[in-house]
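K.L.:
One structure, as C-alpha cells, below. Some questions next.
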Amino acid sequence: MITVTGLNKTFASKVGGVPVLRDVSFEVRDNEFVSILGPSGCGKTTLLRILAGLVDHDGGSIQVEGKEVSGPGPDRAVVFQHFSLLPWMSVLDNIGFGLRLRGVPKAMWSKQALQLAQLVGLQGFENFFPRQLSGGMQQRVGLARALAVEPAILLMDEPFAALDEQTRLLMQEELLRITQEAHKTIVFVTHSMEEALLLSDRVLLLTGHPGVVQEYLEVPFDRPRDRSITTSLEFQRLREHLWEQLRRTQTRDAVDSSDVVA
Amino acid sequence: MTQSGGALEQGTRRSALRSSSGLWRVAPPLAFLAIVAIIWQLGAADAHNILLPTFTATVSAFVDIVVGGAIWEPLLRSNLTMIIGFVISAVIAVPLGLVMGRHLFIDRAAAPYVSLLVVMPAAPLLPIIVMMIGFGLSAGVLLVMVFTVVYIVVNTRAGIRSVDPRLVEMAHSYGANELNLWRYVLIPGALPAIATGLRIGLGRAFAGMVLGELLLLSSGIGLLLLTYRAANASDHVFAVVVVLLVEATLISSGMRRLERRLQPPSV
C-alpha cells in the first residue's frame, strides 16, 4: 500500500523555484497496477523518482506500508527508461546486481539471475553484454534486475518509451504475462493512453505545470488480459474520455501561456 | 542507445578487414622507410659530412651497440629512472584524478594547479630540480614525474566525469553505498580513460627521461649520446636515437594494446 498525501515539489533554478507537482494525493493498493499518465512536463517522472526515494519532496507525505519514504529501499525497485545497464557487466551480472549489493553470496544470486533470465525470455543470452543486445532485450534485463531483488513494489519509468513500436507492443504483452505470475504492486509512468489502459487497474491522470491530479480512473477489464480488449467499445470509450481530459487541459495551458507572452 | 542491427553482416565485414589488416598495416610504413633510407643513403654519401652518417653506417653502428652491448647498461639505467618516475606518478595521479572527478571541492582546490602544469613547459623546471636535489637518480625520477603526473590526473578525472550519472542513480536505487559505487560503477566506467592517461603519461615519461639526461643529468642514455658526440661518432649517435625510437614504438604499441583490453566489451 502506497499512500501519497498533499505532495509538493519545486525544483530550484537560477530564475527561482519551478513548481513541478502541486498537492498530489492518491493511494495504490497492494498488487494493484497503477499507471501515471500525462503529457511531458507534467511531473510524472519526478513523481516516480520521489516514490523511488531518488529525489526529495518539499511538502506532503509518502508512505509505503505506513512508513515514510526517505530514500531508496529494498521494498521498491526501479525499471529505468534508458535501461541503465552496466556496460561492463554481462547480462547475468546485471540481473544479479541488486542482489550482489545486498551481500547475497555469488552462488545464490547467480542462480536467481539465471531463473529470471529465463522468466523474461533471455535464456541463452546470459553471457552477452548489453551492447550486444537490442533495446527490447536490454529492457528485459532491466526488468529482470528489478524483479531479482523481489521488491513488493515495482516502479517503472516509461520503460518502453525508448523502444520501437513492434518491440513496445511485445514488451507490453510480456509485462502482462510476467505480472500475472509474480504478484506485484506496480507504478508505471507512461505518456501513452493505450498503454495505460491496456496494463493498468487504475490510471492516475496528471496534467498541467505544475502537475496536479486531474482524475483517478478505474479500468474495468478483467485479468488475465490480452490485446483483444483494445478493440472493445469500452476501451475506445475510456480512451476517448482520457483524450478529452488531456485536450481540455492542454488547450487551457496553451491559452494561459499565450496570455503570458502577450 | 545504439542498436546492434545486422550482427551477422557486421561480423563478416569485420573479419574481412582483419584478414587483410596485417599486410595493410605493415606495408605502407615499410615502403615509406625504404624510400627515406634510399634518399638518406644517397644524400649523406654525396654530402661527405662527418656529422651526417649514411644509412648503412647508422645500421652497422646500431648492430655494433646492440650486439656489442654498449647500449644495454645505459639503457637499463635510463629506463629505471623512467619506470620509477612513472610508477610514482601513477600512484599519485590516479587517486588524485579519481577524487577530483567525484568531489567538486577537491576539484576546485586542485584544478588551477593542474591546468597550470598542463600549459607550463617542463624544461625550465630542470635547473630548479637540480638546484634542489642535485644530479642523482631522484632528480631524474622527479623530472619524469613533472612530465607525467598531470596527464594522468587530467585523463583520470575526465574518466570519472564521463560516467553516465544515470548509472550512478541506478546503483543508488538498488542501495549502493559509496564503496559499491566506486567498485561497480565509477572505476569500471573510468577505466578506459585511465588507460589513455597512463599511455600518454608513459610517452611523456619517456620524453622527460631523455630530455633530462641530455640537458642536465649526464647519465644513462644521455651520457652515452654525449660521449659519442664528443668522439665525433655521429653514426653511433644516430644509432642510439634509433634505439630510442624503437623503444618508444614498443612502449606506445604495448600501451595501446593494454588500453584496448580495458575498453568495455562491445559489439
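K.L.:
Looking at chain A as a GNM with Cα springs under 10 Å, which of A:96, A:73, A:211 has the largest mean-square fluctuation?
P.N.:
Result for chain A, Cα springs under 10 Å: A:73 fluctuates most.
K.L.:
At 7 Å along Cα-to-Cβ for each site, give me the label-to-label distance between residue A:134 and residue A:102 in nm.
P.N.:
Label-label distance for residue A:134 and residue A:102, simple model: 3.2 nm.
K.L.:
For residue A:218, what charge total do you get from the other residues with a beta carbon under 9 Å from its beta carbon, if Lys and Arg give +1 and Asp and Glu give -1?
P.N.:
0
K.L.:
With each label point set 7 Å from Cα along the Cα-Cβ vector, what nm distance links residue A:15 and residue A:247?
P.N.:
My value for the distance between the label points is 3.1 nm.
K.L.:
Of the candidates B:221, B:39, B:88, which one comes out as most mobile in a Gaussian network treatment of chain B with C-alpha springs shorter than 10 Å?
P.N.:
Comparing B:221, B:39, B:88 in a Gaussian network model of chain B, the most mobile one is B:39.
K.L.:
Answer with one residue from B:49, B:163, B:29: the one whose Cα lies farthest towards the positive end of the charge dipole of chain B, charges on Cβ with Lys, Arg +1 and Asp, Glu -1.
P.N.:
In chain B, that residue is B:163.
K.L.:
Please report the Cα spread of the protein assembly as shown along all three principal axes, rounded to whole Å, starting with the longest.
P.N.:
Its Cα atoms span 100, 58, 52 Å along the three principal axes.
K.L.:
Using helices alone, what [θ] at 222 nm do you get for chain B, with -39,500 (n - 2.57) per DSSP H run of 4 or more residues, divided over all residues and rounded to the nearest 500?
P.N.:
-28000 deg cm²/dmol
K.L.:
Counting partner chain Cβ atoms within 10 Å of every residue's Cβ in A:47-58, what's the average?
P.N.:
Mean partner-chain Cβ count within 10 Å for A:47-58: 1.
K.L.:
While we're looking at this one, here's another question. Residue A:161 to residue A:239: FRET efficiency via 1/(1 + (r/R0)^6), r the Cβ-Cβ distance, R0 25 Å, to the nearest 0.05?
P.N.:
Given R0 = 25 Å and the Cβ-Cβ separation, E is 0.85.
K.L.:
Another question, if that's okay. Hey, if you put +1 on the Cβ of every Lys and Arg and -1 on every Asp and Glu Cβ in the protein assembly as shown, which of B:218, A:230, A:39 ends up farthest toward the positive end of that dipole?
P.N.:
Of B:218, A:230, A:39, it is B:218.
K.L.:
Take residue B:257 and residue A:150, extend 7 Å from each Cα along the Cα→Cβ direction, and tell me the distance between the two endpoints in nm.
P.N.:
4.8 nm
K.L.:
Still on this structure, I have one more. Mind checking which of A:148, A:117, A:107 has the largest fluctuation in a GNM of chain A, springs on alpha carbons under 10 Å?
P.N.:
A:107
K.L.:
Placing +1 at every Lys and Arg Cβ and -1 at every Asp and Glu Cβ, with all other atoms neutral, what dipole size does the range A:119-262 have around its Cα centre, in debye to the nearest 20?
P.N.:
Using Cβ point charges on Lys, Arg, Asp and Glu, the range A:119-262 gives about 200 debye.
K.L.:
From the square roots a ≥ b ≥ c of the eigenvalues of the alpha-carbon gyration tensor of chain B, which class results: rounded (a/c under 1.5), prolate (a/b over b/c), or oblate?
P.N.:
Because a/c hits 1.5 or more and a/b fails to exceed b/c, chain B counts as oblate.
K.L.:
Please compute the average number of Cβ atoms from other chains found within 10 Å of each residue's Cβ in peptide B:163-172.
P.N.:
Mean number of neighbouring Cβ atoms from other chains: 5.
Every read-out reported here was derived from the displayed coordinates using simple, explicitly stated rules and does not represent laboratory data. Keep in mind that this is a model prediction, so the values were computed, not measured. Backbone-built Cβ (ideal geometry, glycine too); neighbour counts: all protein chains shown.
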